[in-house]
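The values are calculated or read from the model by the stated rules, or taken from the named source; none is laboratory data. Note that the structure is a prediction, hence the values are computed from the model and not measured. Cβ coordinates were reconstructed from backbone atoms using ideal geometry, including for glycine residues, and neighbour counts include every protein chain displayed. Just the protein is used for accessible areas: all its heavy atoms, side chains included, with ligands, DNA and RNA removed. Shrake-Rupley method; radii C 1.70, N 1.55, O 1.52, S 1.80 Å.
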Amino acid sequence: MAADISTPTRRLADYLSAAADTPLPPAVIHKTKHHIIDTIAAMVSGAQLPPGKRALAYVAGSAGGSSVLVGGRRTAAVEAALANGMSAHADETDDSHARSISHPGCAVVPAALAVGDLQRSNGDQILRAVAAGYDVGTRVVLSLGKPVLNTDSSGRSTHAFCGLFGATATASALYRLGEEQARHALSYAAQSASGVTSWVRDPNHVEKAFVFAGMPASNGVRAAAMVASGCDGVPDVFSGVPNFLDALSDDVRRDELADGLGERYEIMHTNIKKFAVGSPAQAAVQAILELVEEEPIDPQQVTGIRIVLPHDLCRVVDDRSMPDINCQYLVAGTLVDRAFTFAMAHDDDRMTDPTIMALRGCTELVADPEKAGVRTADVTVTLRDGGTRQRYVGAVRGTVDDPMSDDEVTAKAVDLMEPILGSGATAELMDRLWTLETCGDISEITAMLTADAAVAVSR
């Protein structure tokens, strides 16, 4: 007897089975390029940081047909997705989707590159598969009920779940799985679902990079690859008894799985960071930057800095050991430099500079009990003469409400990649990425990102 497949699951699987051949609206194509460029830049930069280096060391002994980015070599698709994913989230440079509380790109794009490299996918297929990954990963999280991130208690990590189902969807599209196969791949993904909020206690961002990106990217590629190789599975893991959603939630919203598919593209509702810092600190950095650009502030005249952030994410950036997720340091550094730079945000030694320490010592980080699920900041600087300078940021640059321009996306990517790849190779890569739909084989682009290419440029 044929299995009883729920309507949301069937619609989701139909969508995936057609994704690689279904044209996207021009605006969606353009926005998808933004996120592919932004994530690849994060990978290149992140491969030089501890999480990226450790991931590359882990996969160094394997071999296969997918690219590992700068600092590595070609390896199996599952391993490439893991290493590239951890590199993509090695730092705080990757994108985020507010409604699902997730970072889709750092898992979805590595999965697309790993499988696309293996399948010799063209640029159109990559663009469509990536957009599908954002659509599916976010919807699965939303089907589990209203996402909540409370770092003071234990819970499942929406970041890991979104990345897993997003990577599975992307890989399924590039493997060109049929409708039934897509359902089976989603079932294998459900069995691979993991990730809890203990990542907030990770002092070095290595395990966090694994949870947000490396693990979901590799598990998603594995799920689709197993089905592509002939494995079958549960026909509908989202409905029937027992099922994935009921196992994890008391607030199941099954219709979210297919709500707006093909009409509402979630990549259009995903944010890109202008500042390479922890998401909750972005608005605070923008606020102090706007103040010092408006009129410089003498650090010696500062007697107090008050930063008010939404309560649900305040702890994530409160006096952390890493500079790029330490809100107090980032505000102090930007105030002193009268600018935000990637170098400042990653300067461990500067965190203990006397001028910085004095500013950090008089900084108060306040959690606003009335705000959650948003990226806002209210920064007030008090001066020795009793005067104050204050700035509220309600929409961070790069968010859906205040999107970055093509030039800003390019500037950020070049800033991240040029020190590693060199100016010529970076310029050539950017040209190829901005015209991705004309690429006949994605391996032409991934070849520009491998260790040999980078070494040749550096010499």
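Find how much the distance from residue 358 to residue 400 grows on full extension, using 0.36 nm per residue of separation minus their present alpha carbon separation; answer in nm with one decimal.
Extending this stretch completely gives an extra 11.6 nm.
If I model a spin label as a point 7 Å beyond the Cα along the Cα-Cβ vector, how far apart are those points for residue 337 and residue 247 in nm?
Simple spin-label model gives 4.6 nm for this pair.
So how far apart, in nm, are the two label points at residue 347 and residue 204 if each is 7 Å from Cα heading toward Cβ?
2.4 nm
Working from Cα positions, state the angle (0 to 90°, nearest 10) between the long axis of helix 123-143 and the longest principal axis of the chain.
Orientation of helix 123-143: about 80 degrees from the principal axis.
Give me the extension gain from residue 447 to residue 290: residue separation times 0.36 nm, minus the current Cα-Cα distance, reported in nm with one decimal.
Additional length available on full extension: 52.5 nm.
Just to confirm my numbers, what's the Cα centroid distance between the stretch 159-203 and the stretch 71-97 in Å?
15 Å
Compute the long axis of helix 26-46 from its Cα atoms, compare it with the longest principal axis of the Cα atoms of the chain, and write down the angle in degrees, 0 to 90, nearest 10.
70 degrees
If you restrict to DSSP beta bridges whose two residues both lie in the chain, what percentage is antiparallel, to the nearest 5?
Of those bridges, close to 75 percent are antiparallel.
By the scheme Lys and Arg +1, Asp and Glu -1, what is the net charge of all other residues having a beta-carbon under 13 Å from that of residue 266?
Once all neighbours under 13 Å are counted, the net charge is -1.
Could you check how many percent of all C-alpha pairs in the stretch 142-237 are farther apart than 16 Å?
The answer is 55 percent, as a whole percent.
To the nearest 10 square angstrom, what accessible area does residue 79 show with a 1.4 Å probe?
Result for residue 79: roughly 50 Å² accessible.
Taking 0.36 nm per intervening residue step and subtracting the Cα-Cα distance, what contour gain separates residue 388 from residue 62 on full extension?
In short, 111.6 nm is gained.
Given R₀ = 30 Å, what would the calculated FRET efficiency be for residue 437 paired with residue 3, taking r from the Cβ atoms and rounding to 0.05?
0.20
Output the 0 to 90 degree angle, nearest 10, between the alpha-carbon long axis of helix 105-119 and the longest principal axis computed from the alpha carbons of the chain.
40 degrees
In the chain, carbon and sulfur make up what percent of the accessible area (probe 1.4 Å)?
Solvent-exposed carbon and sulfur of the chain make up 49 percent of the total.
With all protein chains present, calculate the accessible area of residue 128 using a 1.4 Å probe and round the result to the nearest 10 Å².
40 Å²
Ranked from the most accessible area to the least, with a 1.4 Å probe and all protein chains present, what is the order of 92, 294, 437?
Putting 92, 294, 437 in descending order of accessible area: 294, 437, 92.
In deg cm²/dmol, rounded to 500, what helix-only [θ] at 222 nm does the chain give when every DSSP H run of at least 4 residues adds -39500 (n - 2.57) and the total is split over its residues?
Roughly -15000 deg cm²/dmol at 222 nm, from the helical runs in the chain.
Once you sort the root eigenvalues of the Cα gyration tensor of the stretch 7-272 as a ≥ b ≥ c, which label holds: rounded (a/c under 1.5), prolate (a/b larger than b/c) or oblate (the other case)?
Here the stretch 7-272 falls in the rounded category.
Evaluated at 37 °C with a viscosity of 0.692 mPa s, what Stokes-Einstein diffusion coefficient in µm²/s does the stretch 370-442 have when Rh comes from the Kirkwood expression over alpha-carbon pairs?
In µm²/s, the coefficient rounds to 205.
Using θ = phi - 60° and the Karplus relation 6.51 cos²θ - 1.76 cosθ + 1.60, list the HN-Hα couplings for the stretch 371-385 in order, rounded to whole Hz, with x at every Gly or Pro.
10, 7, x, 10, 10, 10, 7, 10, 10, 10, 10, 9, 10, 4, 7
Counting only residues 5 or more places away or on other chains, whose amide H sits under 5 Å from the amide H of residue 377 once H atoms are built in the peptide plane?
393
In nanometres, what is the gap between the two model label sites at residue 255 and residue 306, each 7 Å from Cα along Cα-to-Cβ?
Reported label-point gap for residue 255 and residue 306 is 4.5 nm.
To the nearest 20 debye, what charge dipole does the chain have about its Cα centre, counting +1 at the Cβ of each Lys and Arg and -1 at the Cβ of each Asp and Glu?
700 debye
Enter the accessible area per residue of the chain (Å², integer; probe 1.4 Å; all protein chains in place).
38 Å²
Over the stretch 283-438, what is the relative contact order in percent, taking alpha-carbon pairs closer than 8 angstrom and at least six residues apart?
Dividing the mean separation by the residue count of the stretch 283-438 yields 30 percent.
Mind checking which of 373, 383, 344 is farthest towards the positive end of the stretch 323-385's charge dipole, using Cβ charges of +1 (Lys, Arg) and -1 (Asp, Glu) about the Cα centre?
Farthest along the dipole direction, towards plus: 383.
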